[in-house]
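K.L.:
Pasting a structure here, questions to come.
The values are calculated or read from the model by the stated rules, or taken from the named source; none is laboratory data. Note that the structure is a prediction, hence the values are computed from the model and not measured. Neighbour counts are summed over all protein chains in view; Cβ atoms, including those assigned to glycine, are modelled from backbone coordinates with ideal geometry.
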Amino acid sequence: MKLLDCSCGTVVGLFTVLVVLIAVIFYHLENSESATYPRMAHDMKTLEENFRQKNKSCFILGASGETGKELLKEIVNRKIFSRITLIGRRQLTFEDKAYESLVQEVVDFEKLDDYAAAFQGHDVGYCCLGTTKAKAGTEGFVRVDHDYVLQSARLAKAGGCGHFHLESSKGADKTSGFLYLRVKGEVEADVGELGFERYSIYRPAVLMVDRQESRPTEWLARKFLAPLSAAFPTAMSIPIASVVRAMAVNTLLEGEAKAEILENKAIYNLGKVAEK
């Protein structure tokens with residue numbers, strides 16, 4: 001009996017240590033990034049109205065994906081653009097009448113130069129293009145997440161786009177030994193060399209969203225992170241709603257830095273401000 005009590009005590013002790021260790025790690029991750037983001041001189045309604053009066057247009061790349069789909073919903077609801085264009089490989093269908101005025105440009109990403117007209121005349125561009133190595137293979141992943149993105153950015157810049165938003169990833173680094181993070185870092189740098197008037201990079205962590213597309217690794221990560229996100233909301237994850245709110249609201253903050261990188265915590269905080 002004493003031996004059993006001793007064993008139970010050891011297990012409880014080890015479990016307690018493990019829980020404390022995990023809490024310490026997540027606390028460190030939660031506080032390891034800068035929380036800075038552009039300050040707002042006016043309330044949200046004033047910012048939206050001022051921007052709306054400028055009669056600007058935008059395009060979205062990747063509107064069929066999870067982030068692009070939520071971003072489209074966000075900017076449609078805010079009514080901040082006079083024209084919204086979706087650029088993608090297929091026509092999308094919408095039942096809501098709020099989407100009736102959308103313009104859709106169907107392009108072949110392998111022959112993007114033939115579709116330069118689709119990128120003409122937009123003030124703001126949002127790029128949410130992306131795939132996975134598991135789905136597209138190594139070459140396919142590089143082609144989509146780097147080549148398609150870079151060529152789209154080139155055409156957008158030539159077409160007059162002033163503010164380009166790029167959804168990237170937490171940990172993006174062009175010198176990384178991991179393919180995913182290296183490609184994300186490379187495309188960040190390459191798009192930056194195009195010289196947009198304003199260039200905003202978003203580096204979210206694991207997106208908390210129920211994807212229609214099956215991604216087992218992300219699914220497992222979300223299941224593990226979900227109970228921890230309440231206490232540590234930016235340590236390793238972020239709600240997709242926070243990302244798209246931050247992208248939409250950051251658009252309104254004209255006159256900010258020419259090039260900026262918003263890390264996960266800054267995205268989350270800006271998204272929270274957007275709720276007010």
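K.L.:
Just for strands (runs of 3 or more DSSP E) wholly inside region 122-232: which have at least 2 residues that are closer than 27 Å to L252 by Cβ and modelled with pLDDT of 95 or more?
P.N.:
By residue number, 124-127, 163-167, 198-203.
K.L.:
Here's a follow-up. May I ask you to list the residues in region 63-119 that are surrounded by 12 or more Cβ atoms within 10 Å (Cβ to Cβ), in contact with a Lys or Arg (Cβ under 8 Å, 6 or more places away or on another chain) and of a type in the set (D, E)?
P.N.:
Hits for region 63-119 are E66, E74.
K.L.:
While we're on this one: Kindly indicate whether L86 is assigned to a helix (DSSP H, G or I) and closer than 16 Å to G130 by Cα.
P.N.:
On the way: assigned to a helix (DSSP H, G or I): no; closer than 16 Å to G130 by Cα: yes.
Criteria not met by L86.
K.L.:
Right, here's the next one. Which of the residues belonging to region 175-208 are more than 21 Å from K258 (Cα to Cα) and touching a helix residue (DSSP H, G or I) at 6+ places or on another chain (Cβ under 8 Å)? Working first, answer last.
P.N.:
Step one: list which residues in region 175-208 are more than 21 Å from K258 (Cα to Cα), which gives 175-183, 205-208.
Result: T175, S176, L179, Y180, V183, A205, V206, L207, M208.
K.L.:
Here's something else I'd like to know. If the Cβ limit is 7 Å and pairs must be 6+ apart or interchain, which residue in region 49-63 that is touching a residue at least 60 places away in the same chain (Cβ under 8 Å) and within 9 Å of S82 (Cα to Cα) pairs with which residue that is of a type in the set (F, W, Y) and assigned to a loop (DSSP other than H, G, I, E, B)?
P.N.:
K56/F81; S57/F81; C58/F81
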